[in-house]
Amino acid sequence: MLEIMNQSFVTISIDDGHPTDLRARDLLEKYGLKATFYVPARNQERAVMSQAELRSLGTRFEIGGHTLNHVPLKMLPKRQAWAEINDGKKWLEDLLGIPVLSFCYPRGKFNAATAALVEEAGFLGARTCLFNLNTFPRNPFLWGVSTHASSHSPFIQVRHALLEGNLTGAVNFFRIFKASRDWESHFSRSLEYVARKGGIAHLYFHSWEIDNFRHWEKLERVFRHISAGRKFISTTNGELYRLWNLNLATARRRVMTLNCSSCRDGVYNAIYAAITELNLQLPKEKRIQPRPDTVLFGNEGKLDSLWLANFIVMAEQKLDDAFGIQVDLTRDDPFSTENGHFRTVESLARYASAEVENENKNGE
Ligand SMILES: [Zn+2]
């Protein structure tokens, strides 16, 4: 499992099967890169390439399911959502003559029920529009991406991440992506990170959007950058879903226990230092006490999601200063904003201590 996590994967996904995807295909071929095209049978908003074009695309690249009609699934009654997912799969399989194992939620809209239907239909994984992520997810049906090739303002990036409960993404946006607005520099942050730490740099785009922005040269520069990086392993989305299934499916959620007595004081000091720094920025009435029982987040918590994201960045920095290791406080389920360990200073300290302990062990 660790071996896979340490490798530097790059994957590209292209949504909607618009005819301009063929131009993207030519560029991918020029640089020898793999990619996954997610294609619906029909799309009310835009043209979809012909079946002959799709069949020929499928001989060189992975094609993934994107439903029949490209409608947001979580708004549909269950039976209709099932038909969109399952019939979209059958349609592609009949057309291509091979199993279709990768899925992508139209317009990034899904909930737990739709994710379960996708799994039931026999897909191995499903890509979301959760941004600013560079690692294997805990749940392959909530697969995130690093960068959307379309420039979003920092405000939109953070708002989007928090609305979707993607706290890891919101924190990463500052921590790894340095609040980059331009998608090319945003994605190079991801490449840099993954080259150094391992993980997945995942670029996703719509070719029609690249066309509208006249970003083809920019896209080519990015492809050249990837193909020049010797460390990178270019994969389809489906290959990563398969890797996940082979290696991570049985990995159990780690049990966090407070067994790090020696580092505990250091962890508290680091968290208190982060609180002091945060208080300098918080309005007076929102300031928080550096005490174990201070409620940080959730019911009666003092911090909203945005301040929590800021606080996490500061706390990680202080832990790094104190222990010389990079502790990831958001590694657990990026989906749950109700994450127990951000509840109080004490629960956070317990989690951080276990992380520090773990990092120490790994480093030995
Ligand atoms: Zn789409």
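The values are calculated or read from the model by the stated rules, or taken from the named source; none is laboratory data. All values reported here derive from a predicted model rather than from experimental measurement. Ideal geometry is used to build each Cβ from the backbone, glycine not excepted, and the neighbour counts take in all protein chains shown. Please note that ligands, DNA and RNA were not included when accessible areas were found on the heavy atoms of the full protein model with its side chains. Shrake-Rupley method; radii C 1.70, N 1.55, O 1.52, S 1.80 Å.
Quick look at the values:
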quantity: Matching entry among Val194, Val222 (being under 23 Å from Asn172 (Cβ atoms) and either over 18 Å from the mean Cα position of the chain (by Cα) or within 16 Å of the ligand (Cβ to nearest atom) (or both)); calculated: Val222
quantity: Checklist (1) among the basic types (Lys, Arg); (2) touching an Asp or Glu at 6+ places or on another chain (Cβ under 7 Å); (3) more than 16 Å from the ligand (Cβ to nearest atom) applied to Lys34, failing item; calculated: (2)
quantity: Total residues in segment 70-96, condition within 25 Å of Ala24 (Cβ to Cβ), out of contact with any Leu (no Cβ under 8 Å at 6 or more places or on another chain) and open to solvent by 50 Å² or more (accessible area, probe 1.4 Å); calculated: 1
quantity: Sole exception among (1) within 23 Å of Phe110 (Cα to Cα); (2) surrounded by 22 or more Cβ atoms within 10 Å (Cβ to Cβ) for Cys129, by number; calculated: (2)
quantity: Odd one out for Leu133 among (1) within 16 Å of the ligand (Cβ to nearest atom); (2) closer than 20 Å to Ile12 by Cα; calculated: (1)
quantity: Selection status of Asn86, on the phi < 0 side of the Ramachandran plot, more than 16 Å from the ligand (Cβ to nearest atom) and at pLDDT below 95; calculated: no
quantity: Residues satisfying the stated conditions in segment 97-114, i.e. away from the ligand (no atom under 11 Å from the Cβ) and either farther than 22 Å from His148 by Cα or open to solvent by 20 Å² or more (accessible area, probe 1.4 Å) (or both); calculated: Gly97, Ile98, Pro99, Val100, Leu101, Phe110, Asn111, Ala112, Ala113, Thr114
quantity: Unique match (being within 16 Å of the ligand (Cβ to nearest atom), modelled with pLDDT of 85 or more and either in contact with a strand residue (DSSP E or B) (Cβ under 7 Å, 6 or more places away or on another chain) or in a strand (DSSP E or B) (or both)) among His186, His202; calculated: His202
quantity: Residue in segment 61-75 that is over 26 Å from Gly144 (Cβ atoms), more than 16 Å from the ligand (Cβ to nearest atom) and in the same structural domain as Leu240 (by TED's automatic domain parsing) present; calculated: no
quantity: Condition broken by Tyr204, with the remaining ones in (1) crowded, with 17+ Cβ neighbours inside 10 Å; (2) over 17 Å from the mean Cα position of the chain (by Cα) satisfied; calculated: (2)
quantity: Close pairs (7 angstrom Cβ cut-off, 6 or more residues apart or separate chains): among the aromatic types (Phe, Trp, Tyr) in segment 102-121, in a strand (DSSP E or B) and within 13 Å of the ligand (Cβ to nearest atom) anywhere; calculated: Phe103/Gly64; Phe103/Gly65; Phe103/Ala126; Tyr105/Ala126
quantity: Qualifying residue in segment 46-55 (condition: within 14 Å of Leu92 (Cβ to Cβ), at pLDDT 95 or above, in contact with a strand residue (DSSP E or B) (Cβ under 7 Å, 6 or more places away or on another chain) and open to solvent by 10 Å² or more (accessible area, probe 1.4 Å)); calculated: yes
quantity: Candidates Ser180, Ser146, Ser151, Ser190, filtered to the one that is within 28 Å of Leu308 (Cβ to Cβ) and open to solvent by 20 Å² or more (accessible area, probe 1.4 Å); calculated: Ser151
quantity: Single match in Asn43, Asn6 (criterion: at pLDDT below 95 and surrounded by fewer than 22 Cβ atoms within 10 Å (Cβ to Cβ)); calculated: Asn6
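The rows are residues; the columns are (1) assigned to a helix (DSSP H, G or I); (2) farther than 19 Å from Asp328 by Cβ; (3) modelled with pLDDT under 85.
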{"site": "Arg252", "(1), (2), (3)": "no, no, yes"}
{"site": "Met256", "(1), (2), (3)": "no, no, yes"}
{"site": "Gly266", "(1), (2), (3)": "yes, no, yes"}
{"site": "Ile271", "(1), (2), (3)": "yes, no, no"}
{"site": "Ala274", "(1), (2), (3)": "yes, no, no"}
